[in-house]
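Please treat every number below as a calculation from the coordinates, not as lab data. Because the structure is a prediction, the values reported are computed rather than measured. Cβ sites come from the backbone with ideal geometry, for glycine too, and all protein chains shown count toward neighbours.
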Amino acid sequence: MFFNIPLTLAPLLVYNLQIVGVFGATAGDPWVQPVFTVSMVSDARFTLLFGDLLIVAALVCLFVEIVKATRTSAPTIVDHSMSLGVFVVHLVEFLTVAGAATSVFFILMVIALIDVVGGFTITIRGARRDFGFDRQ
């Protein structure tokens, strides 16, 4: 059952926990707070922001979800339905919550949409191959 929970739910939870202030209050936009800065060989400075880190984590979750979509079993439909639910929560929150009207949240919402569309597409293609259906 826990295997069917979409991992794209994790960045949504982290984002909402930050909105509520669980990680502490920050002045201004919390998504532009630097996580760390590294001096590069070229003397440039690379700064990873908290919002960027959350997007990278969401992309890792998306990769795992796409790999999970290659399964062709009965619980796959439940997994896709839950991914669709996560996307709907993203969409509703983006449209109705002021704290979610950021580019970071928009990118997280697009990642959730890619999870839904990619999951259904991969499952349909895999089922077609397993079933032996061939278009001519």
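Projecting each Cα onto the charge dipole of region 2-131 (Lys/Arg +1, Asp/Glu -1 at the beta carbon, about the Cα centre), which of ILE19, VAL67, MET109 comes out farthest on the positive side?
Selected residue: VAL67.
I need the phi-derived Karplus couplings for region 15-20: 6.51 cos²θ - 1.76 cosθ + 1.60, θ = phi - 60°, integer Hz, Gly and Pro marked x.
4, 5, 5, 5, 4, 6
Report the FRET efficiency, 1/(1 + (r/R0)^6), for ARG125 and VAL92, where r is their Cβ-Cβ distance and R0 is 35 Å, rounded to 0.05.
Efficiency at R0 = 35 Å is approximately 0.75.
Report, by chain and number, residues whose modeled amide H sits under 5 Å from the one on GLN33, excluding near sequence neighbours (fewer than 5 apart, same chain).
Counting only residues 5 or more places away or on other chains, the set is PHE50, GLY51.
Which of MET40, MET109 comes first, and how do the rest follow, when ranked by fewest Cβ neighbours within 10 Å?
Listing MET40, MET109 from fewest to most nearby Cβ atoms yields MET40, MET109.
Based only on other Cβ atoms within 10 Å, what is the fewest-to-most ordering of PHE105, PHE120, PHE23?
PHE23, PHE120, PHE105
In µm²/s, what is D for region 2-131 at 20 °C and 1.002 mPa s, where D = kT/(6 pi eta Rh) by Stokes-Einstein and Rh is the Kirkwood radius from Cα pairs?
133 µm²/s
Tell me the relative contact order for the chain as a rounded percent, counting alpha carbon contacts under 8 Å between residues six or more apart.
Rounded, it is 30 percent for the chain.
Under a plain spin-label model, where a point goes 7 Å from the Cα along Cα-to-Cβ, how far apart in nm are PHE46 and LEU17?
2.6 nm
Is there a quick way to get the dipole size of the chain? I mean about its Cα centre, with the Cβ of Lys and Arg at +1 and of Asp and Glu at -1; what is the value in debye to the nearest 20?
400 debye
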